[in-house]
Amino acid sequence: MKYLLSILSIAIVSISAVAQVIPEDRRVDWSVILDNMEITQPDMQVDVMDYGATGNGITDDRQAVINAISGLGGEHGYVYFPPGRYLIKGPIDLPDSCVLKGDGSGNTTLLFDLEGEATNCISISKAQAQDFTNITGGLNKGNNLITIEDPGLFTPGDYIEIRQENGSWDVVPISWADYSVGQLTRVSSIVDNNLLIESGLRIDYSAELNPEVRPVVPISNSGIQCLKIQRLDEPVEGSGANIYMYMAANCFVRGVESDTSVGAHVAVYSSLNILIDGNYFHHAFTFDGTGMRGYGIALSMHTSECLITNNIFRYLRHAMMIKTGSNGNIFSYNYSIEPHRSEPIPDASGDISFHGHYPFSNLWEGNIAQNIVIDHYWGPSGPYNTLFRNRAELWGIIMTTSTLKETDKQNFVGSETTSTELLHGLYVLTGTDQLEYGNNILGNILPPGTTDLPDNSYYLDEAPDFWGEFMEWPSVGIPVELGTGNIPARMRYESGQNYTICPDSIITDIDEPANTLSDLRIWPNPATSYLNISVPGSNSTISISLYNLLGKTEYSWIIKNNFNEPITIPLDHVRRGIYLVTFVDDKTTITRKLIVTK
């Protein structure tokens with residue numbers, strides 16, 4: 001079964017309905033990112049316990065996990081980890097269509113002890129060997145039709161990687177950043193020597209830099225959800241991510257706590273349509289930045305059209321980073337706290353970080369962080385990166401200077417700085433041709449006279465479904481009073497519980513006989529004054545809990561009736577809003593989303 005961001009249910013409108021402040025030539029259509037993303041949930045499941053796992057935190061369960069993955073037989077399925085602590089003494093490589101799923105980050109923990117090896121804990125990646133062919137026309141920003149030398153390499157539906165040589169901006173060259181400018185998308189159709197591509201180009205390409213394109217075959221439909229990952233060993237030198245993706249498409253990390261990394265918690269290279277939501281990433285062994293040590297999420301090398309939303313980051317050098325030509329990605333409504341680096345002034349690192357080698361056309365919307373830093377350690381960032389309605393609560397929004405080449409053509413709209421401590425709350429821009437509008441810097445609107453900000457979002461037309469019913473949206477930037485608005489990720493963190501949010505419709509045992517909750521039906525949905533529940537063939541005692549989106553229990557019921565006939569639960573005292581309803585019997589737990597209208 002195919003779902004398009006089914007639990008987020010984010011409404012999408014064309015870019016023409018928003019972004020009135022930013023001229024058309026300085027923006028891209030970020031709304032199509034959700035349109036192009038296909039996040040699926042499997043219909044089958046295997047249990048690692050059936051393959052010899054112990055979950056006792058002492059015995060090495062790695063081979064049992066590998067055997068369980070093989071037990072899917074290449075089919076789209078879950079590898080399920082019941083509550084427990086699973087010691088894994090070696091890396092895990094996921095194949096296509098494999099999802100590691102736990103019983104929630106508070107119940108299932110994967111403990112990785114790689115015995116000092118500088119490598120990744122979990123890898124979702126696929127090597128590529130396809131040839132490139134030259135692009136000879138259609139090189140301007142916004143074009144969906146490109147002309148190529150050899151159309152025989154492609155078929156409609158192919159994923160493709162576009163790239164070109166580095167230009168004059170590459171003032172800090174290094175081999176691993178060659179061909180930084182590029183993007184991934186798909187072929188919609190082929191006409192003669194022309195490829196019609198799913199997403200238009202997000203930057204002007206140059207014939208002088210020899211642009212080229214190749215088909216790629218990414219790993220797809222794999223992911224990790226509803227568990228905790230903890231790295232136990234620290235290599236003497238080198239790095240390694242807790243989760244590593246390369247040439248991945250429509251893969252995800254959801255409802256995961258990642259505790260202590262060597263390199264980045266999630267490192268994404270040359271990937272497309274990755275969803276990372278409802279997670280908690282925190283702490284590392286080292287915070288010096290070498291090999292991305294101390295990073296949260298880092299998007300690199302053409303990574304395109306990813307959505308990083310509603311996550312919590314804590315005590316990291318850089319919580320969210322764009323680098324090496326990553327483009328067209330959205331970082332939205334994330335919360336980052338306690339930035340930390342090894343150098344002097346430990347809390348001055350950019351927990352939102354633009355890190356050079358020309359990332360371009362990325363959107364940062366509604367995030368609450370401590371420091372937003374656009375640095376030049378690896379040269380400039382590319383154009384059209386957009387900071388929209390973000391808050392920097394500590395040092396502020398800072399672009400560093402460069403004597404080689406500075407970052408130009410960024411968009412700064414509706415963001416705010418709030419700390420009044422000495423040298424805090426800064427708003428420092430360098431470079432040229434920066435677009436500024438309606439930024440609230442310690443109570444002063446910059447540029448002066450830009451006090452009317454009509455834009456709510458640059459990729460949504462209403463609040464996302466994880467938003468609280470009575471929460472103001474947008475919650476950052478004018479006309480909201482400086483520093484007062486909140487976001488769900490920050491509220492989860494401040495509540496001290498439910499740091500992660502698992503995807504909806506989690507079935508923890510889908511292979512049980514029919515006499516379980518697997519046949520459960522609820523209606524109407526949306527509901528007003530009552531909710532009907534039916535589980536054909538079940539006569540179990542069922543516990544029902546109604547949670548708000550912050551994880552607080554609103555109501556609970558215990559039903560002992562025979563469910564061959566529908567049961568009606570009154571909702572007269574339930575307020576209007578969006579809830580999660582959990583149904584538990586002696587074998588199964590199922591969670592459903594419920595909308596209550598009045």
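Select from segment 123-152 the residues that are buried (at least 16 other Cβ atoms within 10 Å of the Cβ) and among the hydrophobic types (A, V, I, L, M, F, W, C) and write down the one among them that is nearest to the chain's Cα centre (by Cα).
Checked segment 123-152; the qualifying residue nearest to the chain's Cα centre (by Cα) is ILE124.
Of the residues in segment 369-382, how many are surrounded by 24 or more Cβ atoms within 10 Å (Cβ to Cβ) and touching a residue at least 60 places away in the same chain (Cβ under 8 Å)?
3
Given the structure, is GLU338 among the charged types (D, E, K, R), at positive phi, in contact with a helix residue (DSSP H, G or I) (Cβ under 8 Å, 6 or more places away or on another chain) and surrounded by 24 or more Cβ atoms within 10 Å (Cβ to Cβ)?
When the stated conditions are applied, GLU338 does not pass them.
How many residues are within 16 Å of HIS302 (Cβ to Cβ) and either outside the structural domain of HIS302 (by TED's automatic domain parsing) or assigned to a strand (DSSP E or B) (or both) if we restrict to segment 249-270?
4
Please indicate, with yes or no, whether at least one residue in segment 61-70 is buried (at least 16 other Cβ atoms within 10 Å of the Cβ) and of a type in the set (Ser, Thr, Tyr).
No, segment 61-70 has no match at all.
Quick check: is even one residue across segment 266-273 closer than 22 Å to GLU38 by Cβ and surrounded by fewer than 23 Cβ atoms within 10 Å (Cβ to Cβ)?
Yes, segment 266-273 contains at least one residue that is closer than 22 Å to GLU38 by Cβ and surrounded by fewer than 23 Cβ atoms within 10 Å (Cβ to Cβ).
Name the one entry in VAL262, VAL253, VAL268 that is more than 30 Å from GLY200 (Cβ to Cβ) and among the β-branched types (Val, Ile, Thr).
Of VAL262, VAL253, VAL268, the one residue that is more than 30 Å from GLY200 (Cβ to Cβ) and among the β-branched types (Val, Ile, Thr) is VAL262.
Looking only at segment 576-598, filter to residues that are among the hydroxyl-bearing types (Ser, Thr, Tyr) and within 28 Å of the chain's Cα centre (by Cα); which one of those is modelled with the lowest pLDDT? Spell out how you get there, then give the answer.
Step one: of segment 576-598, the residues among the hydroxyl-bearing types (Ser, Thr, Tyr) are 579, 582, 588-589, 591, 597.
Then drop every residue that is not within 28 Å of the chain's Cα centre (by Cα), which leaves 579, 582, 589, 591.
Numbers: TYR579: 79, THR582: 76, THR589: 66, THR591: 74.
Across segment 576-598, the extreme among qualifying residues is THR589.
Quick one: GLY366 ticks every box in (1) in contact with a Phe, Trp or Tyr (Cβ under 8 Å, 6 or more places away or on another chain); (2) in contact (Cβ under 8 Å) with a residue 60 or more places away in the chain; (3) surrounded by fewer than 18 Cβ atoms within 10 Å (Cβ to Cβ); (4) not acidic (Asp, Glu) bar one, so which box is it?
Checking GLY366 against (1) in contact with a Phe, Trp or Tyr (Cβ under 8 Å, 6 or more places away or on another chain); (2) in contact (Cβ under 8 Å) with a residue 60 or more places away in the chain; (3) surrounded by fewer than 18 Cβ atoms within 10 Å (Cβ to Cβ); (4) not acidic (Asp, Glu), the one that fails is (3).
Residues that are among the acidic types (Asp, Glu), under 16 Å from the mean Cα position of the chain (by Cα) and not in a strand (DSSP E or B): does segment 286-308 have at least one?
yes
Among the strands (runs of 3 or more DSSP E) confined wholly to segment 324-406, which include 3 or more residues that are within 24 Å of MET301 (Cα to Cα) and not assigned by TED's automatic domain parsing to the domain that holds VAL181?
The strands (runs of 3 or more DSSP E) meeting that bar are 330-332, 352-354, 363-365, 368-374, 386-388.
When you go through (1) outside the structural domain of PRO346 (by TED's automatic domain parsing); (2) under 15 Å from the mean Cα position of the chain (by Cα); (3) not hydroxyl-bearing (Ser, Thr, Tyr) one by one for ARG202, which number turns out not to apply?
(2)
Can VAL187 be described as outside any loop (DSSP other than H, G, I, E, B), of a type in the set (A, V, I, L, M), surrounded by fewer than 21 Cβ atoms within 10 Å (Cβ to Cβ) and at pLDDT 95 or above?
Considered against the rule, which asks whether it is outside any loop (DSSP other than H, G, I, E, B), of a type in the set (A, V, I, L, M), surrounded by fewer than 21 Cβ atoms within 10 Å (Cβ to Cβ) and at pLDDT 95 or above, VAL187 comes out as yes.
Filter segment 165-184 down to residues that are in contact with a Ser or Thr (Cβ under 7 Å, 6 or more places away or on another chain) and either surrounded by 16 or more Cβ atoms within 10 Å (Cβ to Cβ) or in contact (Cβ under 8 Å) with a residue 60 or more places away in the chain (or both) and give me whichever is nearest to SER271 (Cα to Cα).
Within segment 165-184, the match that is nearest to SER271 (Cα to Cα) is LEU184.
Within segment 229-243, is even one residue of a type in the set (D, E, K, R), at pLDDT 95 or above and either more than 22 Å from the chain's Cα centre (by Cα) or over 23 Å from GLY90 (Cβ atoms) (or both)?
yes
Considering only strands (runs of 3 or more DSSP E) fully contained in segment 464-564, which possess at least 3 residues that are surrounded by fewer than 18 Cβ atoms within 10 Å (Cβ to Cβ) and at pLDDT below 80?
Values: elements: 521-523, 530-534, 542-547, 553-559.
Per the criteria, 553-559.
Please pick out the residue among TYR78, TYR86 that is of a type outside the set (Val, Ile, Thr), assigned to a strand (DSSP E or B), out of contact with any Lys or Arg (no Cβ under 6 Å at 6 or more places or on another chain) and within 30 Å of SER270 (Cβ to Cβ). Walk me through how you get there before you give the answer.
Numbers: TYR78 fails: out of contact with any Lys or Arg (no Cβ under 6 Å at 6 or more places or on another chain).
Just one listed residue meets the conditions, TYR86.
I need a count of the residues in segment 102-116 that are surrounded by 15 or more Cβ atoms within 10 Å (Cβ to Cβ) and not in a strand (DSSP E or B).
Adding up the residues that qualify gives 8.
The values are calculated or read from the model by the stated rules, or taken from the named source; none is laboratory data. As the structure is a prediction and not an experimental result, all values here were calculated from the model. Here Cβ is always computed from backbone atoms with ideal geometry, including for glycine, and neighbour counts include all displayed protein chains.
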